[in-house]
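Rule-based calculations on the coordinates, nothing more; no lab input. In this text the structure is predicted, and so the values were computed from the model without any measurement. Please note: Cβ atoms are built from the backbone with ideal geometry, for glycine as well, and neighbour counts cover all protein chains shown.
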Amino acid sequence: MANEVILLDFWPSMFGMRTRIALREKGIEFEYRDEDLWNKSPLLLETNPVHKKIPVLIHNGKPVCESTIQVQYIDEVWSDKNPILPSDPYQRAQARFWVDFIDKKMYDAQRKVWWTKGEEQETGKKEFIELLKTLESELRDKTYFGGDDFGYVDIGLIGFYSWFHACEKYGNLNIESECPKLIAWAKTCMQRESVAKSLPDSEKVIKFVTEIRKKFMIE
Amino acid sequence: MASDEVKVIGAWASPFVMRPRIALNLKSVPYEFLQESFGAKSELLLKSNPVHKKIPVLIHADKPVCESNIIVEYVDETWSASGPSMLPSTPYDRAIARFWAAYIDEKWFPSLKSILKAEGEEEKKAVLAQVEEGNALLEKAFNDCSKGKPFFNGDHIGYLDIAFGCFLAWLRVTELAGGHKLIDEVKTPSLSKWAERFCNDPAVKPVMPETATLAEFAKKIFAKPPA
């Protein structure tokens with residue numbers, strides 16, 4: 001049976017970016033559908049009734065939800081090239097641990113930087129930089145989080161990089177001066193076609209954040 | 001050379017700690033259980049899980065693995081020859097198992113916990129409704145995943161059985177405290193039968209606390225300080 005792969009997504013979503021990157025790493029043809037999150041499609045509501053969230057990966061009509069679960073699914077189905085998770089059980093557990101850490105902490109920390117003001121923002125900025133430093137110390141001097149090969153943790157984190165300039169602008173931060181190794185890692189990842197094609201332009205994200213702030217934030 | 005010995009740092013009342021213990025029992029892997037004292041964290045715990053400083057931690061040949069569901073997958077993969085697989089055989093079914101395990105941790109358990117902490121009838125009603133909604137979803141998930149077999153994972157206890165089953169003792173305590181059945185033969189017939197099978201399994205029984213003992217412990221930790 002021919003593979004039919006559809007991705008329900010939202011272009012600025014760092015979670016959607018993970019699945020896009022994984023599909024491209026494996027060379028899988030897929031149909032990308034951008035959702036309007038303020039007017040969700042019947043297909044989205046039908047394929048993810050529990051959470052009603054993007055991304056949703058639909059493979060030959062069967063939906064897979066949650067970005068980290070999608071990436072693991074893609075790795076297991078298309079196991080013949082570019083492995084995403086390491087083969088050693090201990091390394092796999094470490095990779096899963098760091099992606100779980102990113103899932104638990106990154107989104108909320110980053111959000112506080114561009115979405116809040118005053119004291120809440122100052123606390124948020126401190127937390128955000130601390131988080132990045134923890135990740136940077138896990139990276140150490142390796143090219144990628146897993147070592148020489150691009151993999152699961154890199155995919156788990158890199159999408160957030162497209163939001164860094166927005167954080168710097170609205171948070172008045174200089175991330176590179178705080179975490180130079182992490183920025184160097186991000187630039188290395190951006191040289192991969194799968195990543196470059198899957199991340200939106202920083203300027204586009206800044207424009208999006210500006211619009212959101214104008215619409216929803218009380219100035 | 002590091003020995004191959006296995007240690008689990010945890011606490012008897014923690015459902016999350018039960019997960020790796022059940023997994024190790026299923027694979028017949030002997031391990032040393034290092035009980036943390038309530039309210040204080042040991043040096044070994046802080047050293048083995050510096051990021052979260054939480055239990056459970058599995059230490060295998062001196063290398064720590066953290067996060068309960070991640071530990072279960074590690075045990076399954078490391079001792080793959082010692083027992084049936086804890087995850088289904090197809091990538092799609094594995095994705096479904098992982099989806100429900102994540103749902104249980106992110107949505108279901110927090111709402112179960114809120115029942116015990118709820119103040120006033122209105123709040124209690126609202127959180128109860130949430131848990132019941134979740135139970136209905138999980139009842140359907142059980143029927144879909146088990147395909148007529150005794151466990152979420154089929155013939156044998158697996159990842160999702162462990163991810164959900166570990167909460168059964170706390171669920172019983174919550175039912176007792178609230179005087180309200182959450183999993184029963186009428187509302188959730190499949191889960192009700194599954195729960196009994198799960199709790200009676202020889203890999204689970206030794207690590208599942210008695211409801212009465214846990215209820216006493218719950219009274220202590222949820223006791224409101226004197227006014």
Checklist entry - Within 10 Å of each Cβ of A:57-63, how many other protein chain Cβ atoms are there on average? => result 2
Checklist entry - Among A:Tyr144, A:Ile84, B:Trp108, whose Cα lies farthest out toward the positive end of the dipole of the protein assembly as shown, if unit charges sit on the beta carbon of Lys, Arg (+1) and Asp, Glu (-1)? => result B:Trp108
Checklist entry - Once a ≥ b ≥ c are taken as the square roots of the eigenvalues of the Cα gyration tensor of the protein assembly as shown, is the result rounded (a/c under 1.5), prolate (a/b larger than b/c) or oblate (a/b not larger than b/c)? => result rounded
Checklist entry - Most fluctuating residue of A:Phe150, A:Phe128, A:Phe101 in a GNM of chain A with Cα springs under 10 Å: which is it? => result A:Phe101
Item to check | Cα-based shape type of chain B, given that a ≥ b ≥ c are square roots of the gyration tensor eigenvalues and the cut on a/c is 1.5 | outcome: oblate
Next on the checklist: Can you compute the helix-only [θ] at 222 nm over the protein assembly as shown? Use -39500 (n - 2.57) per DSSP H run of at least 4 residues, normalise by all residues, nearest 500 deg cm²/dmol.
Outcome noted: -17000 deg cm²/dmol
Checklist entry - Charges only on Cβ, +1 for Lys and Arg, -1 for Asp and Glu: so what's the dipole of segment B:113-218 about the Cα centre, in debye to the nearest 20? => result 240 debye
Next on the checklist: Could you derive backbone 3J(HN,Hα) for segment B:121-135 from the dihedral phi with the Karplus parameters 6.51, -1.76 and 1.60 (θ = phi - 60°), listing whole Hz in sequence and x where the residue is Gly or Pro?
Outcome noted: 5, 4, 5, 4, 4, 5, 6, 4, 4, 4, 5, 5, 4, x, 5
Next on the checklist: Within a 10 angstrom radius of the beta carbon, how do A:Arg111, A:Arg96 rank from fewest other beta carbons to most?
Outcome noted: A:Arg111, A:Arg96
Checklist outcome for this item: Out of B:Gly10, B:Leu168, B:Thr90 - ranked by how far each Cα lies towards the positive end of the dipole of chain B, with unit charges on the beta-carbon of charged residues - the top one is B:Gly10
Item to check | Residue with peak Gaussian network fluctuation, chain A [Cα springs, cutoff 10 Å], from A:Asp80, A:Asp103, A:Asp201 | outcome: A:Asp80
Item to check | Average partner coverage of B:65-72, which counts Cβ from other chains inside 10 Å | outcome: 4
Item to check | Max mean-square fluctuation residue, GNM over chain B, Cα-Cα springs under 10 Å, options B:Ala141, B:Ala118, B:Ala23 | outcome: B:Ala118
Item to check | Residues B:Lys53, A:Lys215 arranged by fewest to most Cβ contacts within 10 Å | outcome: A:Lys215, B:Lys53
Checklist entry - Listed highest first by mean packing, meaning other Cβ atoms within 10 Å per residue, what order do B:143-153, B:67-77 come in? => result B:67-77, B:143-153
Next on the checklist: Order these by the 10 Å Cβ neighbour count, fewest first: A:Ser198, B:Ser48.
Outcome noted: B:Ser48, A:Ser198
Next on the checklist: For a 31 Å ceiling on Cα separation, which of these pairs sit above it: A:Lys105/A:Lys215; A:Lys40/A:Lys204; B:Lys193/B:Lys219; A:Lys117/B:Lys47; B:Lys53/B:Lys149; A:Lys53/B:Lys124?
Outcome noted: A:Lys117/B:Lys47; B:Lys53/B:Lys149
Checklist outcome for this item: Set B:Lys54/B:Lys147; B:Lys147/B:Lys187; A:Lys112/B:Lys113, cut-off 24 Å on Cα-Cα distance; pairs above it are B:Lys54/B:Lys147; A:Lys112/B:Lys113
Item to check | Total charge dipole magnitude, the protein assembly as shown, about the Cα centre, Cβ charges on Lys, Arg, Asp, Glu only, Debye to nearest 20 | outcome: 600 debye
Next on the checklist: Taking a ≥ b ≥ c as the square roots of the Cα gyration tensor eigenvalues, with a/c under 1.5 meaning rounded and otherwise prolate when a/b beats b/c, else oblate, which class fits chain A?
Outcome noted: oblate
Checklist entry - Lys/Arg Cβ at +1, Asp/Glu Cβ at -1, dipole of segment B:91-222 taken about the Cα centre: which of B:Phe99, B:Phe222, B:Ala177 is farthest positive-ward? => result B:Phe99
Next on the checklist: Taking beta carbons within 10 Å but only from partner chains, what does the mean come to for residues A:92-103?
Outcome noted: 5
